[in-house]
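One structure is given here, and the rest of the page talks about it.
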Amino acid sequence: MLRLEKGWRVALAAVILAALAAYPAASAACDDGPPKVSPRQPKPWRFGVISDTQWTVKDDGRNPGTSAVDITTQVNAQFIEQGVDLVVAVGD
C-alpha cells in the first residue's frame, strides 16, 4: 500500500477525481461518429472512495487500535452490493 503524507493524499485524491470527471468530456470532444473497428462498447465501471476512519472510544474488541472496523465493514458491504470495481481508500 502506498503511504503518503496528508497533503499528498488530498492532492492525489483531487487529481484522481478530476481525471475521472474530465474523461466523459474529453471522450465526447473526440467523438467523430460510430466506432470503425468494433461496435462493442466498453463495460461501464463504478468506483468508490472511503476516507480515513477513526475510532475514538476505548477498545471495544471489534474496533482495535482506533481503527473503525465496524464502519469499514459496513461500507465494504455497500461497495460489494453496488458492484464497485475500484475503491480509493485515502488515509494513513
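Restricting attention to segment 38-62, and to residues there that are small (Gly, Ala, Ser) and within 11 Å of the chain's Cα centre (by Cα), which single residue is farthest from Ala19 (Cα to Cα)?
Within segment 38-62, the subset small (Gly, Ala, Ser) is 38, 48, 51, 61.
Filter again for within 11 Å of the chain's Cα centre (by Cα), leaving 48, 51.
On the way: Gly48: 14, Ser51: 19 Å.
The residue in question is Ser51.
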task = Filter segment 63-92 for residues that are surrounded by 11 or more Cβ atoms within 10 Å (Cβ to Cβ), of a type in the set (Gly, Ala, Ser) and over 13 Å from the mean Cα position of the chain (by Cα) and give the result.
result = Ser67, Ala68
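No lab work stands behind these numbers, since they all come straight from the coordinates. Computed from a predicted model, the values in this text were never measured in an experiment. Cβ atoms come from the backbone with ideal geometry, glycine included; neighbour counts cover every protein chain shown.
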